[in-house]
There are 2 protein chains.
Amino acid sequence: MNRSGTGAPAELFFEDLTPGRAFDLGTTVVDGREMVEFARRFDPQWYHVDEELARRSHHGGLIASGFFTVSLFMRAYVDHVLARAAGDASPGLEELRWLAPVRAGDRLATRLTVLGSKPSTARPGFGTVTLTASMDRLDDQGQPEREVLRTRFRGWFVMRDPALPG
Amino acid sequence: MNRSGTGAPAELFFEDLTPGRAFDLGTTVVDGREMVEFARRFDPQWYHVDEELARRSHHGGLIASGFFTVSLFMRAYVDHVLARAAGDASPGLEELRWLAPVRAGDRLATRLTVLGSKPSTARPGFGTVTLTASMDRLDDQGQPEREVLRTRFRGWFVMRDPALPG
């Protein structure tokens with residue numbers, strides 16, 4: 001279980017995820033076709049799938065399903081952290097906020113910060129890490145202009161040097 | 001803005017979502033091909049996409065990305081409630097728990113319960129509703145055998161009879 005997310009040997013372990021450590025998860029451009037396809041399958045409300053109705057509404061055009069946006073976050077987290085880390089499935093999210101609409105063509109920059117960590121009592125050899133992530137929409141100059149998503153969640157990570165039992 | 005999620009006139013409004021009211025969101029069968037395609041795009045960790053590695057691990061086989069499972073919940077929520085309700089985008093989730101692995105072929109039954117509601121202070125004519133949802137894996141007899149997902153979240157809904165201002 002010292003595999004990273006790709007299945008290769010991991011280089012990031014529980015001990016490396018110290019409080020305050022931050023990761024740049026890169027930039028994602030929202031593909032309008034994929035955004036609408038996702039909504040047709042998982043969240044087919046008119047403001048996610050009906051361009052004409054959405055344009056004439058207070059939304060001013062199609063907006064992404066929040067679950068599409070958080071799925072883009074997940075991909076960025078895998079590419080930039082979990083692909084190198086000895087992680088395991090997550091027990092869940094403590095908070096998820098959709099702070100502003102996301103639209104086709106938006107460029108989203110994602111950051112991740114470790115909030116805290118402690119050995120898991122339930123799973124020997126694992127530690128529980130609490131993390132927070134944030135996605136910002138960038139302006140034409142590549143500067144953050146609006147935070148669109150924020151989440152706080154826990155993940156399990158393998159210890160590099162688990163204490164021997166008893 | 002009295003459209004339901006389909007864009008047709010709504011029949012469910014803020015006033016109808018009274019605390020304790022529960023909705024059966026039906027049953028969803030997890031399609032293994034779609035489960036893996038979702039993970040390849042959004043959460044390509046080995047235990048979601050590499051059948052052979054997953055089988056030889058403590059997971060005992062491929063498990064769904066948690067974001068796939070919660071996306072299946074969202075679709076059930078749209079089909080059974082939001083398609084009839086004058087809802088608007090959600091500000092977020094207060095909690096999301098992935099309680100047990102979800103696998104190809106699993107039959108998941110989803111329930112939704114209204115926890116509380118109050119007029120929105122920020123958005124006149126809207127109310128904020130707090131809801132909880134739960135997905136249970138069913139056994140061969142169609143009985144719940146394991147809760148796999150639980151979430152608590154807020155949604156905005158249009159009031160049927162908004163108080164006139166001042």
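Bear in mind these aren't lab numbers, they're just calculated from the coordinates by the rules spelled out. Everything numeric here is computed off the predicted structure, so don't read it as measured data. Neighbour counts run over all protein chains shown; Cβ positions are idealised from the backbone, glycine included.
Below, the figures for the structure above:
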quantity: Cut-off 15 Å (backbone N to label point 7 Å along Cα→Cβ of B:Leu99), residues of region A:91-128; calculated: A:91-93
quantity: Vicinal HN-Hα couplings computed from phi for region B:52-57 (Karplus, 6.51 cos²θ - 1.76 cosθ + 1.60; Hz; Gly/Pro x); calculated: 5, 4, 5, 5, 7, 9
quantity: Gaussian network model of chain B, Cα within-10 Å springs - most flexible of B:Gly61, B:Gly92, B:Gly125; calculated: B:Gly92
quantity: Where N is the number of residues in region B:1-155, Cα Rg divided by 2.2 N^0.38 Å; calculated: 1.15
quantity: Kirkwood Rh and Cα Rg combined as Rg over Rh, evaluated for the protein assembly as shown; calculated: 0.98
quantity: Most mobile of B:Arg41, B:Arg146, B:Arg154 in a GNM of chain B (Cα contacts under 10 Å); calculated: B:Arg41
quantity: Lys, Arg +1 and Asp, Glu -1 on Cβ, resulting dipole of chain A about Cα centre, debye, nearest 20; calculated: 360 debye
quantity: For chain A: relative contact order, % (alpha-carbon pairs under 8 angstrom, 6 or more apart); calculated: 30 percent
quantity: Karplus (6.51, -1.76, 1.60) ³J(HN,Hα), θ = phi - 60°, over region B:123-131, in Hz, Gly and Pro reported as x; calculated: 10, x, x, 10, x, 9, 10, 9, 10
quantity: Nearest-20 debye value, region A:1-86 charge dipole, Cβ charges on Lys, Arg, Asp, Glu; calculated: 100 debye
quantity: Nearest 10 degrees, 0 to 90: helix A:66-77 Cα axis against chain A principal axis; calculated: 40 degrees
quantity: Unit charges on C-beta of K, R, D, E only; dipole of region B:91-166, Debye; calculated: 280 debye
